[in-house]
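In what follows, a single structure is set out as structure tokens and then discussed.
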Amino acid sequence: MMYRSAIFLIVFSLFQMGCNTAQNATVHSPNGRLELNTRTSEGILVYSIKRDGQEIVHPSRLGFLFKQQTGYADNLTITGMATTSINDTWEQPWGEERFIKDHYNELTLNLKNTIVDGVKMSVIFRMYDDGVAFRYVIPGSEQFVMTDELTEFAVGSNPEAWWMKAYQWNRYEYLYEHTTLSEIDTVHTPLTMKVSDDLYLSIHEAALTDYSSMSLEHTGQNVLKCNLYPWADGSKVKGQFPLMSPWRTIQISDSAGGLITSYLILNCNEPNALGDVSWVKPGKYLGIWWGMHLGTYTWQMSEHHGATTENALRHIDYAAEYGFDGVLIEGWNQGWNADWYKDGNVFSFTEPFPDFDLNAVTDYALQKDVKIIGHHETSAAIGNYEVQVDDAFRLYKSRGIDAIKTGYVGHGTDIVPVGGKPGDREWHHGQYMVRHYRNIVEKAATYKIMLDVHEPIKPTGIRRTYPNMMTREGARGQEYNAWSEDGGNPPDYTTIIPFTRLLAGPMDFTPGIFDLTFEKAGRANNRVNTTLAKQLALYVVIYSPLQMAADLPENYVNQPAFQFIKDVPVDWSTTLVPHAAIGDFITTVRKDRNSEDWYVGSITNENERDLVLDLSFLDTDRTYKATIYTDGTDNHWMHNPYPVDIHTLQVDKTKTLKLHLAAGGGTAIRLTPTNK
Ligand code: NOJ
Ligand code: CA
């Protein structure tokens, strides 16, 4: 399915203007709409991007500063270039889209420094129909300390932007801001922008491997500059040449929904490095979890301890009855105390509390054909975790546990490095932790263990290379609705994250709370700010290969709407986004990978709305039973969130469906063929 050719247009010219030497090269996307021009001007390397002939990224600088080495920022000249073209399709072992098209034209630009001998650098540009990616390669064998990456994105116009401020203590767990680009300071990626009704951009990175993560600093006049999370000593990246940077990615789409169905970030990652990954299995789980967030259970030993043997067996029974794959158990291991988030050095990852019999629980799970999902909360004490992790993985594996949720709760700079002295604190997003997170993924793979990482490094598509890196948090999840002092995630939150954080990869958001107002838990100051139908729709809108039914399992008893959560798959053959307005509403349509069923999730912000869904995506010559779970006419997330109207209709691809979404509401639909 793959071919290579060099038949696309590339222009390279050298011309002299007085004493200035300018050199440039141009490369287009396969459909010709995107054009990248790169050039050196007075020794400075820049690139710019046009769409349909209009410049959308103005000349933007490229290059580096190092502590010792000089010559990677200026006095650069192009010495040559190579081009290639790839048109390939590859298959994801699991995912939101089974077959991914990988079609691009690539230009490798080779440079040298005209003054400093031996300085060479290449920049590889990839032009896809859905955006642009580029990365740097520096040959050599010397040690280096990078003090700055000079990459810029001169967006030029002043688009609307949805952003989250970087360098905050609570990592990526903040609400998004929505302003114009000119009002932002230094922000996390993905940074998503709306330039006009038919032009959306999102800047992120791919294949973050042994490097600091990129935030974006607004340096004025709508120019964003790469701002790398520093080490405690101020350096940005440490290593030894050859240096291969992560890809800098700019997704470019005519529509907001087009950003979601762009797989550019995955395409920029290396193929599966693990070979046979039939042991990696998407699934649904419930857990001993929400009770701790509500305060009705504790992680630590107490009369309300959640992780007791008895409670674990009860949860296994529920999972078996509901047809779920797994049960997450938090708080079974020694170390949890009331201050667990202040010092992770207390944790043992192998020693259970006296009221938890690991063997009895895992034996019972085996008998009931339910998998236990292990839990490693590190509270950011990396040294304490790294010395125990092999023993913990070995123990878990011996007890039939092959998925683990990890956690890194701690202030942004709470990471105490292995061997570090007090005060040697690192960022969750710096190179030290990028290395740690990667090491754990690789180590887990050697034990055939799947990971769900909370307080993670942001996703950059490495699930393609390591398919055991299933899902992660990396944003405010459902847990904020249980205890956040600001009242939890407002109704528009889940209409923003599909276009921002979720562009980077799957999220363990943990939808499915049915007791929305916590009356049974007796918690007056918090609630879930959605209707119940919207909780169902989130299973389709928010993609995760491990998907939790987050409420206490007893809250699903005698709830007809729970049937949707039982039915909804977690592995898809294709994904479409027919309705999308960032911060307002989104409809996501996905086809089950293991059946001919389609599923629809549609959600709105605090405003009620009616949408019309064109069913032309359905297969020809088939009729379907649509089972619709929707808000009733009087629903409202605040005043009347519970009623779910469940009804069925016969439909086919010539039909449309009217979707009524209450304020803060949603609709979830299962479409099952009635003829084969
Ligand atoms: C934060 C995680 O996001 C949450 O899911 C977990 O329950 C707590 N840490 C405790 O590990
Ligand atoms: Ca968290």
Item to complete: Would you point out which residue out of LYS342, LYS368 is open to solvent by 40 Å² or more (accessible area, probe 1.4 Å), touching a residue at least 40 places away in the same chain (Cβ under 8 Å) and within 29 Å of GLU303 (Cβ to Cβ)?
Response: LYS368
Worksheet item: Got a number for residues in the range 398-420 being under 18 Å from ASN439 (Cα atoms), basic (Lys, Arg) and more than 16 Å from ligand 2 (Cβ to nearest atom)?
Response: 0
Item to complete: Check the range 374-389 and report whether any residue there is among the charged types (D, E, K, R) and open to solvent by 50 Å² or more (accessible area, probe 1.4 Å).
Response: yes
Discussion item. Being away from ligand 2 (no atom under 16 Å from the Cβ), in contact with a helix residue (DSSP H, G or I) (Cβ under 6 Å, 6 or more places away or on another chain) and not assigned by TED's automatic domain parsing to the domain that holds LYS371 is true for just one of ALA537, ALA549. Which residue is that?
Written reply: ALA549
Worksheet entry | Residue check for LYS165: within 18 Å of the chain's Cα centre (by Cα) and open to solvent by 20 Å² or more (accessible area, probe 1.4 Å) | yes
Discussion item. Please pick out the residue among TYR642, TYR624 that is open to solvent by 50 Å² or more (accessible area, probe 1.4 Å), among the aromatic types (Phe, Trp, Tyr) and over 28 Å from the mean Cα position of the chain (by Cα).
Written reply: TYR642
Item to complete: Say whether the condition of being open to solvent by less than 30 Å² (accessible area, probe 1.4 Å) and small (Gly, Ala, Ser) is met by at least one residue in the range 130-142.
Response: yes
Practice prompt. Taking the options MET433, MET450, name whichever one is closer than 16 Å to LEU546 by Cα and modelled with pLDDT of 95 or more.
Written response: MET450
Worksheet entry | Matching residues in the range 185-215 - criterion: being open to solvent by 10 Å² or more (accessible area, probe 1.4 Å), in a loop (DSSP other than H, G, I, E, B) and either more than 25 Å from GLU270 (Cβ to Cβ) or of a type in the set (Phe, Trp, Tyr) (or both) | ASP185, ASP197, ASP198
Response to the item:
Scanning the range 433-491 for residues that are in a strand (DSSP E or B) and under 14 Å from the mean Cα position of the chain (by Cα) gives LEU451, ASP452, VAL453, MET469, MET470, THR471, ARG472
Practice prompt. Could you list all residues from the range 458-490 that are open to solvent by less than 10 Å² (accessible area, probe 1.4 Å), away from ligand 2 (no atom under 16 Å from the Cβ) and either touching a helix residue (DSSP H, G or I) at 6+ places or on another chain (Cβ under 8 Å) or assigned by TED's automatic domain parsing to the domain that holds GLU519 (or both)?
Written response: THR460, GLY461, ASN468, MET469
Discussion item. For PHE99, only one of the following conditions fails: (1) surrounded by fewer than 21 Cβ atoms within 10 Å (Cβ to Cβ); (2) closer than 30 Å to HIS218 by Cα. What is its number?
Written reply: (2)
Worksheet item: Is there a residue in the range 309-322 that is assigned to a loop (DSSP other than H, G, I, E, B) and either away from ligand 2 (no atom under 16 Å from the Cβ) or of a type in the set (Lys, Arg) (or both)?
Response: no
Discussion item. I want to confirm something. Restricting to the range 379-430 and keeping residues that are in a helix (DSSP H, G or I) and closer than 25 Å to GLY477 by Cα, which single residue is farthest from ligand 1 (Cβ to nearest atom)?
Written reply: ILE382
Practice prompt. Mind telling me which of the residues PHE518, PHE499, PHE509, PHE562 ends up being at pLDDT below 95 and open to solvent by less than 10 Å² (accessible area, probe 1.4 Å)?
Written response: PHE518
Worksheet entry | Members of the range 319-332 that are under 14 Å from PRO354 (Cα atoms) and within 11 Å of ligand 1 (Cβ to nearest atom) | GLY331
Worksheet item: What residue, among those in the range 59-95 that are open to solvent by 20 Å² or more (accessible area, probe 1.4 Å) and within 28 Å of the chain's Cα centre (by Cα), is nearest to SER157 (Cα to Cα)?
Response: ARG61
Worksheet entry | Single residue of the range 363-377 satisfying the filter (aliphatic (A, V, I, L, M) and not in a strand (DSSP E or B)) that is farthest from ligand 2 (Cβ to nearest atom) | LEU366
Discussion item. Scan the range 242-252 and tell me whether some residue there is touching a Leu at 6+ places or on another chain (Cβ under 9 Å), at pLDDT 95 or above and in a loop (DSSP other than H, G, I, E, B).
Written reply: yes
Worksheet item: When both residues are 6+ apart or on different chains and their Cβ atoms are under 6 Å apart, which pairs have a first residue that lies in the range 386-415 and is assigned by TED's automatic domain parsing to the domain that holds TRP427, and a second that is within 15 Å of ligand 1 (Cβ to nearest atom) and of a type in the set (D, E, K, R)?
Response: LYS405/ASP452; GLY407/GLU377; GLY407/GLU455; TYR408/GLU455; VAL409/GLU455; GLY412/ARG171
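The values are calculated or read from the model by the stated rules, or taken from the named source; none is laboratory data. This one's a predicted model, so the numbers in the text were calculated from it and none came from an experiment. Note: ideal-geometry Cβ built from the backbone for every residue, glycine included; neighbour counts use all protein chains shown. Side chains are part of the model used for accessible areas, which takes the heavy atoms of the whole protein and leaves out ligands, DNA and RNA. Shrake-Rupley method; radii C 1.70, N 1.55, O 1.52, S 1.80 Å.
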